[in-house]
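So the structure is just underneath, and the comments pick up after that.
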Amino acid sequence: MAKRASIEYIRDGRAPVPKSSITSRVMSANKGKATRPELLVRKALLAAGVKGYRLNWKTVPGRPDIAFPGKKKAIFINGFFWHSCINCALTLPKTNTEFWRTKFDRNKLRDRKKIEELQALRWEVLVIWECEIKDNLDGVVERVKNKFLNS
């Protein structure tokens, strides 16, 4: 079994230095686009015949994960950890708790702000939570089709 090369990550000062190099590696691997929940929803929408959307559309505030510009509809697909899911009773990480509390509060504030900015431009916004996708992907697709795109 080959040894993993030790990678030294460049710190940018936004997060505390993790106590473990494994934690650093795991956190560095998190993606902002094309996450697993996003890919599941996009694949299911395509299978259901929903087309014509744009990904991470930069022309409007917040860069919605999925946007239907002609219909002024935006979908955000929120992970339960980074966006502090309202449906899941997640606890804060045990180390650097104050940092994480502040981080999650800022994330929630940013999420609210981008939704309000889109609504001010007369966009309809739908937020889909990761746990909804896991529990009922078909229901999420139906909600997008029937309640969001047919209105």
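Assorted remarks:
- For segment 33-43, the criterion of being aliphatic (A, V, I, L, M), closer than 29 Å to ALA120 by Cβ and at pLDDT below 85 is met by at least one residue.
- Pick from segment 113-151, criterion in a strand (DSSP E or B) and touching a residue at least 60 places away in the same chain (Cβ under 8 Å), ranking: surrounded by the most Cβ atoms within 10 Å (Cβ to Cβ): ILE128
- Among the numbered conditions (1) open to solvent by 60 Å² or more (accessible area, probe 1.4 Å); (2) at pLDDT below 95; (3) touching a strand residue (DSSP E or B) at 6+ places or on another chain (Cβ under 7 Å), the only one that ARG63 does not meet is (3).
- Set side by side, the residues LYS51, LYS108, LYS58 differ, and just one is open to solvent by 80 Å² or more (accessible area, probe 1.4 Å), farther than 18 Å from PHE148 by Cβ and either not in a helix (DSSP H, G or I) or not acidic (Asp, Glu) (or both), which is LYS58.
- Among all residues of segment 78-101, there is at least one that is open to solvent by less than 70 Å² (accessible area, probe 1.4 Å), touching a helix residue (DSSP H, G or I) at 6+ places or on another chain (Cβ under 8 Å) and either at pLDDT 90 or above or not in a loop (DSSP other than H, G, I, E, B) (or both).
The values are calculated or read from the model by the stated rules, or taken from the named source; none is laboratory data. From a predicted model like this one, the values you see are computed outputs, not experimental measurements. Every residue, glycine as well, gets a Cβ built from its backbone with ideal geometry; the counts of neighbours run over all protein chains shown. For the accessible areas, the whole protein counts, side chains as well, though only heavy atoms, and no ligand, DNA or RNA atoms are used. Shrake-Rupley method; radii C 1.70, N 1.55, O 1.52, S 1.80 Å.
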